[in-house]
Amino acid sequence: MEFKWLLTAISLRHSDSVDVKFSLRCDDTKIDKTIALRHPDLLELSEKTGRPLTDPWCSRLAAMHLKNVIETGEDMEKDLITPSLEQLQQSNARLFANAAA
């Protein structure tokens with residue numbers, strides 16, 4: 001999995017989200033996936049967790065969600081994946097469980 005970029009989606013597709021793009025490679029196959037983190041969900045999660053809303057946190061949340069997509073196959077057919085607030089909460093919990101281990 002290769003991180004490509006993080007952009008505010010308002011400039012790309014008039015969406016109130018943060019888009020994080022990754023490239024996945026397996027042998028000669030390359031697939032691009034964009035994780036769209038809804039801004040209202042990020043604000044709510046930031047408030048609930050006390051974590052500041054930063055680019056590194058958004059990148060790590062998106063990477064953790066993409067890892068889950070790869071592991072479960074859920075939404076794998078989509079190029080643009082928008083996790084729910086509940087899924088972001090789960091990604092955040094996994095992210096910091098891994099950091100503590």
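Every number in this text was worked out from the coordinates using simple rules, so none of it is lab data. These numbers come from a predicted model, not from an experiment. Note that we place each Cβ from the backbone using ideal geometry, even for glycine, and neighbour counts take in every protein chain shown.
The table for this structure:
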read-out: Phi-based couplings in Hz for the range 54-70 (Karplus 6.51, -1.76, 1.60; Gly and Pro marked x); value: 10, 4, x, 5, 4, 4, 5, 4, 5, 5, 5, 5, 4, 4, 5, 4, 5
read-out: For the range 22-93, projected area of the alpha-carbon convex hull averaged over all directions, nm²; value: 4.8
read-out: ³J(HN,Hα) computed for each position of the range 21-38 - Karplus, 6.51 cos²θ - 1.76 cosθ + 1.60, integer Hz, glycine/proline x; value: 9, 10, 10, 10, 10, 9, 6, 9, 9, 10, 10, 9, 10, 10, 9, 9, 8, 5
read-out: Around residue 77: net Lys/Arg minus Asp/Glu count, Cβ-Cβ under 14 Å; value: -2
